[in-house]
Structure formats: C-alpha cells, structure tokens
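Chemist: I have a structure I would like to understand better, so I am pasting it below and will then ask my questions one at a time.
The values are calculated or read from the model by the stated rules, or taken from the named source; none is laboratory data. Everything quoted here is computed from the prediction, not taken from an experiment. So basically every Cβ, Gly included, is an ideal-geometry build from the backbone, and we count neighbours across all protein chains shown. Just the protein is used for accessible areas: all its heavy atoms, side chains included, with ligands, DNA and RNA removed. Shrake-Rupley method; radii C 1.70, N 1.55, O 1.52, S 1.80 Å.
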Amino acid sequence: MRIAVFTSFAINYLAKARVLVKTLKEQNSSIDVIAIVCDQFPPSIDATNELFDQIWMVEDYPVNPVQGWIFSHNIMELSTAVKGWGLTRLLDAGYDYVMYLDPDCWILADPAKIIQLLPPDSSVGVVPHTTKPAESDEEIRIVETSSLRHGIYNLGFLLVRNDAGGRKLAEWWAARLDRYCIDDFANGLFTDQRWFDLALGYFDFVKVIRHSGIDVASWNVGQRMLTRNGGGYSVDGDELIFYHFSGVGPKSVHRWVRDKFAPADPLAAELEFQYERLIADCGQAELAAVIPFYDQYSDGVRVPPAHRTLYRSCSDFLRRFPNPYEASLLESFRHEAGDAGPTNAGVTVRADLGDVDARARRLFDAEFYRHQVRAAEFDPDNLWTEYKSVGWNSKVLGNRLFDVNYYRLFVLERERDEYPTPLHHYVAVGGDAGLSPSWIYNDAYYLGTYPDVREAVRSGTLICGFEHFSRDGVNEGRDGCAYFNERSYLNRHPDVALAVTEGRLRSGEAHYIECGQSETRVLR
C-alpha cells in the first residue's frame, strides 16, 4: 500500500514543516512526504538538505501566466489554493491513499492508522473542528461561530482513497480552489475550507472520521481529556495521533483559545511547550521572520491587499500585466490601483537605551546573580555591569524566574545583538510583543488575575507584571499561569525545594522542565 502525505507552506512556516516531516518519518518511514512550497528558498537554505521526499514549487502550478495567478492570492490563500492541485497530482501518480496535513501538525503516532478508520464504502475522510456542543455562551461565541464562518471541517487534515469517488472529489475541489480560494467572509468564502461544507451534501462517499486523537487543537482540547499512555498520550481513550498547533506562538490565537478553554490542563500546556522547543530547534525564530517572496513587489515594497483584489477582479489587468511583480509594470499598476505607492510597514523604532537599561535593572536580582558567579563582594553596580557582558548566556541568569533558554526561542539573533541581555529585550520590545519570560508566566493572565498588580502597572509603580511576580508574587504563592504554581510545586516535592534552597536548582519550574515532567510530578 503506497501512502503519500503532502503539505503546503511558505518559508516562514518551514521550521514547523520540518517538525511535521521529521516526526512523521519517525512514526512511519515508508510514507512519502511531499512539500508544496508557496515561496522561493532564500540562498541560505539548501532545499536538497530537507527531509521531504519531493519538493514542488508553486511556480509549477499548471496555469498561464502563473505569476498573475500567484499575485491574485495572499500567502494564506496561496498555500491553500494549491491543495487541490497537489491532491490530483498525487492520485495521478498512483498512490493508494493521499493525506493532507497542515505544516503545523506534530505527529505522535503512525498516521497510517487513520486509514483503518475510513469505511470500505467511503473514499474521503474529514474531521470537524469540534465534535461536542459548546457548554458555555463564551464557547458558542468563540468556537462555534468561528466554525460557522471558517468552515465546519478543518482542512488541516484530509484523507482521500484513490478510487472513483476520491478522484471525483479531487477534481471538484481543485476546480473550486483554482478560482475561488480566497478569504472573503462577506461572500461566504474562506479559502479551501468553506467549500467542504458542501462536500457532504454533494458526495455520499465523504465520511466524517470521529476519533479524539486526530486533529487535537486549541479549539477542541477543552472538550477532550488528555492522559499519559506509556510513552505517548491518549485523548478520551483514543491514541493521540497528531496535535494541530494552528498559529502556535507566544502571541498566537492558539494559545489565547487554549488559555480560555483548557487553562489548567497541564498536559496540553506540556505538549505546547514541547512543540515550541521542537520548532525552535528547527529554526523557528529566524524562519518565522522571513517575508514571503510573493508578498512583495520586485523592489521590496509589500503588496497591499487592495492591489490583489483589484487585479483578480479585472481580467484586463491579467492581460496587460501577466507578471505584476515586475518593476517595469509596477508604477503603472499602482497608478491604476489608485495608490501613489505604499510604504513598508513594520519598522521598529528602537526605544531609548538609557531608559531601557534602568527598567531592565529593576528585573535584575543581584543577590541571585552573585550566588551564581560566586562573587566575593556584594556590589550591585559591578554585578550589573558584569551581567550585561554575559546576558544571553543561559548558564548565568539575571533573574531566577527568567528562563533564557525559553525566551530566546522567540527572539531573532539580530535582536539579541541589539540588546545586551534578555531583560533589556523584554522591557524594550518583548513584553509588548506578548513574549513570556518563562513557561510558567503569562503577563495577560497575571494582570487579569490580580487587579492590584494591574493597577500598579497602570500607575507606573511597577514596570510590568513580571517585576511583581519575580520579586513578590511567587513568594506569596500567586499563579503566574493557570497550570503551574511555583510554591505549590516546591511544597509537594520537598527534595526539589531543598535543591532550590541549596542553590543546586534555580526554581521548581526548572526542575519540572529538566526532569519533573518525565517523572510525572504533579504540577501544582
């Protein structure tokens, strides 16, 4: 039985796609994994070193002119519009089963097991975003209404058998995505997903697969029970096959939704933390900042959404500008689009470094730092100066609750060069960007839970919630997040508390990350 799994992405998702192919190959090396890259590889990346069995480029999409077709889509639309083409191409190649998986899926068991869930009389398997009714008005508003807008079925997963039904579905879907794969809520469209709301009405061979271990995600994990199962995990008694981390990141919708509906689930938080480590090891911090090649004109100016809308709405533009990215056509196109020329967005204004230094020092624990470096004298000024020379070294910390290894997962190397320590980066830009100084602290949660701290930050008495948490809150037993409490963890585990007291460990959180989770220690 020949099985192919394919995924599609731009370079800013390459770290996640690397985790997908790596973990999939670990579970089943006989499955062929194909990547459709909706971008161009930068010179720093050698595509031949990637683990994919095949890499297809979006320029090979069978339409002429392909540059005009690409220009008609933003990167999200483009990465989904190619899925119908990829499916039909793999069915034509003779694979018995073709599966699509979004690049931000983490494979924890053999995905071939999903094929066994597809009945013999069915050709296509899909999964709904949720399989249980919402239990609160907030969940109705956030989860159920989102499904109604974006599509009932999550097209981060699709399974197709290579038979008459599967090929019929692929042909229909590819035709829709070729022209109508756009994000246009006003006209009832959301890329590839809304089309599948029609599929179950059109085709009697499309089957809803109900297995709790498939497509576990922020929008449904609150309705499911995660448990350990030997070296793996179970979900409502089903083996966890893959977890879908849609939009994962410190400021992501994934984390926001999970914090709302599964805030105290330690295994969900643990899986999220482990996944963030995996993508970090695959270059997430650097790759996530890469601007997609087709998001900008040839002179580097970002393409405004209005230009794409106007281009695809007027067939004359396609005829006159078969490659609208070219500089020779750019000014004319801008003029007819009613735009004098957009400016580049996202320019960062660097904060005053003197003010940053003063605020960063308020997070510096001189006594803790002195203990680490075994300084003979307690001279706060000298200790601060010395710390600033080694600030990004994760072996010497300026604050015992500021986890440098965790924080640097989300900080680009060039940004680390701009700020002498992670404390400087956090007070200058990181906190405002939603970055967390450790796995056990979430600023939005802390300020939302403790009004006195929120008011102190608002009045300027505190520079941020983490200042209070690291100085007073953790000793008062306050929660930095919903699933871990430092004081409770130390109280539950006296051996860990002793190691922290003697200076052999910096915190209970550090113990849990290094070995507590593998020892299945209670989090709080």
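Chemist: What number comes out for the charge environment of N475, summing +1 per Lys or Arg and -1 per Asp or Glu over other residues with Cβ under 12 Å away?
Modeler: On the way: positive: R400, R471, R478, R487; negative: D472, E476, E486.
Taking every Cβ under 12 Å from that of N475, the sum is +1.
Chemist: Mind pulling the angle between the C-alpha long axis of helix 266-281 and the longest principal axis of the chain? Nearest 10 degrees, somewhere in 0 to 90.
Modeler: 80 degrees
Chemist: I've got another one for you. If I take R0 = 45 Å and measure r between the Cβ atoms of F185 and N382 in this structure, what FRET efficiency does the formula 1/(1 + (r/R0)^6) give, to the nearest 0.05?
Modeler: E between F185 and N382, to the nearest 0.05, is 0.15.
Chemist: Out of all DSSP beta bridges in the chain, what portion is antiparallel? Express it as a percent rounded to 5.
Modeler: Numbers: 21 of 39 bridges.
Antiparallel bridges: around 55 percent, rounded to the nearest 5.
Chemist: Using packing as a proxy for protection, rank 222-232, 202-212, 163-173, 435-445 so that the peptide with the highest average count of other Cβ atoms within 10 Å comes first. Don't jump to the answer; show the numbers that get you there.
Modeler: On the way: 222-232: 14.3, 202-212: 15.9, 163-173: 18.5, 435-445: 23.1.
Ranked from most to least packed, the peptides come out as 435-445, 163-173, 202-212, 222-232.
Chemist: Past the 13 angstrom mark, what percentage of all C-alpha to C-alpha distances in the stretch 52-96 do you count?
Modeler: 60 percent
Chemist: Same structure, new question: Suppose a student asked you for the relative contact order of the stretch 56-193, using Cα pairs under 8 Å spaced at least 6 residues apart; what percent would you report? Write out the running numbers ahead of the final one.
Modeler: Numbers: 144 pairs, mean separation 47.7, N = 138.
Reported as a whole number, the value is 35 percent.
Chemist: How do 452-459, 362-369, 186-193 rank on mean C-beta neighbours within 10 Å, highest first? Intermediate values should be presented prior to the final figure.
Modeler: Numbers: 452-459: 14.2, 362-369: 17.5, 186-193: 15.9.
Packing order, densest peptide first, comes out as 362-369, 186-193, 452-459.
Chemist: Roughly what % of Cα-Cα distances in the stretch 157-234 sit above 15 Å, to the whole percent?
Modeler: Numbers: 2037 of 3003 pairs.
In whole percent, the share of Cα-Cα pairs in the stretch 157-234 beyond 15 Å is 68.
Chemist: Separate question: Expressed as a whole number of Å, what is the distance separating the alpha-carbon centroids of the stretch 42-92 and the stretch 276-315?
Modeler: So the two Cα centres are separated by 14 Å.
Chemist: Okay, moving on. Quick check: convex hull of the Cα atoms in the stretch 18-132, volume per residue, rounded to a whole Å³?
Modeler: On the way: hull volume 17.5 nm³, N = 115.
In the stretch 18-132, the Cα convex hull volume per residue is 152 Å³.
Chemist: When 1/r is averaged over all different Cα pairs and the result inverted, which Kirkwood radius in Å belongs to the stretch 286-325?
Modeler: One over the average 1/r among Cα pairs gives 11.3 Å for the stretch 286-325.
Chemist: Another question, if that's okay. Let me check against my output: what whole-number percent is the relative contact order of the chain, with C-alpha pairs under 8 Å and at least 6 apart? Before the final figure, lay out the partial values.
Modeler: Details: 789 pairs, mean separation 67.7, N = 524.
After rounding, I find 13 percent.
Chemist: What aspartates and glutamates sit close enough to K207 to cross-link, taking a C-alpha to C-alpha distance under 19 Å and skipping anything fewer than 8 places away on the same chain?
Modeler: D96, D121, D163, E171, D192, D197, D215, D238
Chemist: Once the Cβ-Cβ distance between V301 and M76 is put in as r, and R0 is 25 Å, what FRET efficiency do you end up with, to the nearest 0.05? Before the final figure, lay out the partial values.
Modeler: Working: r = 20 Å, r/R0 = 0.79.
After rounding to 0.05, the efficiency reads 0.80.
Chemist: Using only the alpha carbon atoms of the stretch 447-512, find the Kirkwood hydrodynamic radius as the inverse mean reciprocal pair distance, in angstroms to one decimal. Mind showing how you got there, number by number?
Modeler: Details: mean 1/r = 0.0786 Å⁻¹.
Computed over Cα pairs of the stretch 447-512, the Kirkwood hydrodynamic radius comes out at 12.7 Å.
Chemist: Something else: Taking every pair of Cα atoms in the chain, average 1/r, invert it to obtain the Kirkwood radius, and report Rg/Rh to two decimals. Could the numbers behind the result be given before it?
Modeler: Details: Rg = 25.2 Å, Rh = 25.4 Å.
Rounded to two decimals, Rg over Rh is 1.00.
Chemist: Around F185, what is the net charge, scoring Lys/Arg as +1 and Asp/Glu as -1 over all other residues with Cβ under 15 Å from its Cβ? Mind dumping the intermediate values first?
Modeler: Numbers: positive: R149, R194; negative: E77, D183, D184, D192, D197.
Net charge in that neighbourhood comes out at -3.
Chemist: Of T461, G86, P119, which is farthest on the positive side of the dipole of the chain, counting Cα position, with +1 on Lys and Arg Cβ, -1 on Asp and Glu Cβ, and the Cα centre as origin?
Modeler: P119
Chemist: So if each residue of separation counts as 0.36 nm, and I subtract the Cα-Cα distance between L117 and S488, what length gain in nm does that give?
Modeler: Values: separation 371, 0.36 × 371 = 133.56 nm, distance 4.28 nm.
Gain on extension, L117 to S488, equals 129.3 nm.
Chemist: Something else about it: Please state the equivalent ellipsoid semi-axes for the stretch 367-452: what are the square roots of 5 times the Cα gyration tensor eigenvalues, largest first, in whole Å?
Modeler: Values: eigenvalues 114, 56, 24 Å².
Those come to 24, 17, 11 Å.
Chemist: Next question. So what does T88 come to for accessible area, using a 1.4 Å probe and Å² rounded to 10?
Modeler: 40 Å²
Chemist: Once label points are set 7 Å from the Cα along Cα→Cβ at both S146 and M57, what is their separation, rounded to one decimal in nm?
Modeler: Using points 7 Å along Cα→Cβ, the separation is 3.6 nm.
Chemist: I would also like to ask the following. What do you get for the angle between helix 327-336 and the principal long axis of the chain? Use alpha-carbon atoms, 0 to 90 degrees, nearest ten.
Modeler: The helix 327-336 is inclined about 90 degrees to the chain.
Chemist: Continuing with the same structure: Is there a pair in K16/K113; K25/K388; K16/K388; K25/K83 whose C-alpha atoms are over 31 Å apart, and which pairs would that be?
Modeler: Distance filter (> 31 Å) returns K25/K388; K16/K388.
Chemist: Enter the angle in degrees (range 0 to 90, nearest 10) between the Cα long axis of helix 14-27 and the first principal axis of the Cα atoms of the chain, meaning the one along which they spread out most.
Modeler: 80 degrees
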